[in-house]
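Student: Below you'll find the structure I mean.
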Amino acid sequence: MEKQLFALIFVCLGLYQTRAQEVQIQYMANQGVWIKSQDKQILIDAVFDKEFEFLDVLPKTELELLDDAKPNYNEIDLILATHLHGDHFHPILTGNHLRANPKTEFFGPLETFSVFQQKFEGFQEISNRVHTDSLQLHQTSAYSLNEIKVEAFRLAHFGTHPWNKAENYAYLIHLNGKKILHVGDSNLNIENISKLNLAERKIDVAILPYWQIGSSERMDLIETYIGAKLLLIAHIPLENFADAQQDITQLGYQNAKALTQQFEIIILD
Ligand SMILES: [Zn+2]
């Protein structure tokens, strides 16, 4: 009995502790993910509240913990926002988190930064940890944020006016030898995606929006210009949750996983 109990505790710890060199990606909501290594934690597009009825959001209880930077959200090193839309970024939630944890840094496009500055009244208190850049379309740059290497690529947002006017950054995160790409709401058409030209860079994981992957032409472009070992498909409307994995597989993707299970952890080996 004692032995079994010991084994059980070991398994539980195994679930919650990140091993040296291991990288985990946890699905939060919509296109929000939590990337963790043993000593670094990054949230991308995960700090937002309900904006659209048809999209996934974190439960209120989790949002409160995130807002106050309480456990398990008390060791976030970096919050990234790909763009300012309300299903990816919330200025007050993000501001409160940064105020509650003086270690956390933020980075987002200039337009997102401006909204953050206008909407969060305590901005002055946290402004030294809020970073931005003003990349032109298809321009790229690299940064070190809380000792995490991040490359940003400005790519056009999908959809029609005014949605496609948003300044949208894709991020390439370098963590423990892994390369993780999050494209935000990038239009994955040839004009845009060919500028990424990441295939030679051997990306481990690419997090892509569901609406942008749906044809064999798109699949070829993704293979040619991103070429990731694993695709995580996010930003899936709630009504498509049940069928998403099947739909993606039917399109012919060999290495793509639908993110529909809140808090599910994907371990990169
Ligand atoms: Zn958007």
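The values are calculated or read from the model by the stated rules, or taken from the named source; none is laboratory data. Bear in mind the structure is a predicted one, so any value in this text is a computation, not a measurement. In this analysis, Cβ positions are derived from the backbone assuming ideal geometry, glycine residues included, and neighbour counts consider all displayed protein chains.
Student: All but one of (1) within 20 Å of the chain's Cα centre (by Cα); (2) surrounded by 14 or more Cβ atoms within 10 Å (Cβ to Cβ) hold for residue 253; which doesn't?
Tutor: The failed condition is (1).
Student: Counting only residues that are among the small types (Gly, Ala, Ser), in contact with a Gly (Cβ under 9 Å, 6 or more places away or on another chain) and modelled with pLDDT under 95, how many does the stretch 13-65 have? Explain how you work it out, then say what you get.
Tutor: If we filter the stretch 13-65 for residues that are among the small types (Gly, Ala, Ser), which is where we start, we get 14, 20, 29, 32, 37, 46.
Restricting the remaining residues to those that are in contact with a Gly (Cβ under 9 Å, 6 or more places away or on another chain) gives 46.
Right, trim to modelled with pLDDT under 95 and you get none.
Residues that pass the stated criteria total 0.
Student: Now for a separate question. Could you give me the residue pairs with C-beta distances under 7 Å whose first residue belongs to the stretch 211-237 and is in contact (Cβ under 8 Å) with a residue 40 or more places away in the chain and over 28 Å from residue 51 (Cα atoms), whose second residue is in a strand (DSSP E or B) and β-branched (Val, Ile, Thr) wherever it lies, and which are 6+ apart or on separate chains?
Tutor: Here the result reads 228/205, each pair linking the stretch 211-237 to a residue that is in a strand (DSSP E or B) and β-branched (Val, Ile, Thr).
Student: I want to confirm something. Restricting to the stretch 63-103 and keeping residues that are of a type in the set (S, T, N, Q) and farther than 16 Å from residue 166 by Cα, which single residue is nearest to the ligand (Cβ to nearest atom)?
Tutor: Going through the stretch 63-103, the residues of a type in the set (S, T, N, Q) turn out to be 72, 74, 82, 94, 96, 101.
Next, from what is left, pick out any that are farther than 16 Å from residue 166 by Cα: 72, 74, 94, 96, 101.
On the way: 72: 27, 74: 29, 94: 16, 96: 22, 101: 26 Å.
My answer is 94.
Student: Tell me which residues, restricted to the stretch 162-195, are within 12 Å of the ligand (Cβ to nearest atom) and of a type in the set (Val, Ile, Thr).
Tutor: Taking the stretch 162-195 as the starting set, the residues that turn out to be within 12 Å of the ligand (Cβ to nearest atom) are 162-169, 183-187.
The answer is 183, and nothing else.
Student: Let me ask something else about it. Out of the residues in the stretch 179-214 that are small (Gly, Ala, Ser) and under 11 Å from the mean Cα position of the chain (by Cα), state the one that is surrounded by the most Cβ atoms within 10 Å (Cβ to Cβ).
Tutor: If we filter the stretch 179-214 for residues that are small (Gly, Ala, Ser), which is where we start, we get 184, 186, 194, 199, 206, 214.
Still in the list and also under 11 Å from the mean Cα position of the chain (by Cα): 184, 206.
On the way: 184: 29, 206: 25.
Among those residues, the one meeting the criterion is 184.
Student: Output yes when any residue across the stretch 130-148 is within 23 Å of residue 50 (Cα to Cα), in contact (Cβ under 8 Å) with a residue 24 or more places away in the chain and over 17 Å from the mean Cα position of the chain (by Cα), and no when none is.
Tutor: Going residue by residue through the stretch 130-148, those that are within 23 Å of residue 50 (Cα to Cα) are none.
Checking the stretch 130-148: not a single residue is within 23 Å of residue 50 (Cα to Cα), in contact (Cβ under 8 Å) with a residue 24 or more places away in the chain and over 17 Å from the mean Cα position of the chain (by Cα).
Student: Could you list, in sequence order, the residues of the stretch 147-178 that are under 20 Å from residue 110 (Cβ atoms), surrounded by fewer than 22 Cβ atoms within 10 Å (Cβ to Cβ) and among the polar types (S, T, N, Q)?
Tutor: 164
Student: Next question, about the same structure. Provide a single number: the residues in the stretch 92-112 that are assigned to a helix (DSSP H, G or I) and surrounded by 23 or more Cβ atoms within 10 Å (Cβ to Cβ). First the steps, then the outcome.
Tutor: Narrowing the stretch 92-112 to residues assigned to a helix (DSSP H, G or I): 92-100, 110-112.
Subsequent filtering for residues that are surrounded by 23 or more Cβ atoms within 10 Å (Cβ to Cβ) retains 94-95, 97-98, 112.
Residues in the stretch 92-112 being assigned to a helix (DSSP H, G or I) and surrounded by 23 or more Cβ atoms within 10 Å (Cβ to Cβ): 5 in total.
Student: Does residue 141 fit the bill of being modelled with pLDDT under 95, among the polar types (S, T, N, Q) and surrounded by fewer than 19 Cβ atoms within 10 Å (Cβ to Cβ)? Working first, answer last.
Tutor: Numbers: modelled with pLDDT under 95: no; among the polar types (S, T, N, Q): yes; surrounded by fewer than 19 Cβ atoms within 10 Å (Cβ to Cβ): yes.
When the stated conditions are applied, residue 141 does not pass them.
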